[in-house]
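Peer 1: Okay, here's the structure, questions in a sec.
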Amino acid sequence: MHEHGMHHMGMMQQQETPMMEMWNTLSDDQKKTLMKRMVDAKIMMKEAMLKEIQFRIETMHMVRKMLDVC
């Protein structure tokens, strides 16, 4: 590892959060499971946003049709 990399690692150790300490004790399988859940959470959030936007678009189409009828 080059000098800069070593320095960066040292800095990381200084400000370890309880979360990071716990992370270091996990097995690779446990880490993988947690990472999958974090990715799934992001996917769910984005999907929820898309559903909300889709709902708004449908509502706007309804309003447009109502205005056409008048």
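Table: residues versus (1) modelled with pLDDT under 95; (2) assigned to a helix (DSSP H, G or I); (3) surrounded by 10 or more Cβ atoms within 10 Å (Cβ to Cβ).
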site	(1), (2), (3)
4	yes, yes, no
10	yes, yes, no
23	yes, yes, yes
36	no, yes, yes
39	no, yes, yes
48	no, yes, yes
59	no, yes, yes
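Peer 1: When both residues are 6+ apart or on different chains and their Cβ atoms are under 8 Å apart, which pairs have a first residue that lies in segment 34-47 and is free of Cβ contacts under 8 Å to residues at least 24 places away in the same chain, and a second that is not β-branched (Val, Ile, Thr) and not in a helix (DSSP H, G or I)?
Peer 2: Sorted first by the residue in segment 34-47, then by its partner, the pairs are 34/26.
The values are calculated or read from the model by the stated rules, or taken from the named source; none is laboratory data. What you see is a predicted model; the values in this text were computed from it and never measured. Here the Cβ is made from the backbone with ideal geometry for all residues, glycine too, and neighbour counts use every protein chain on show.
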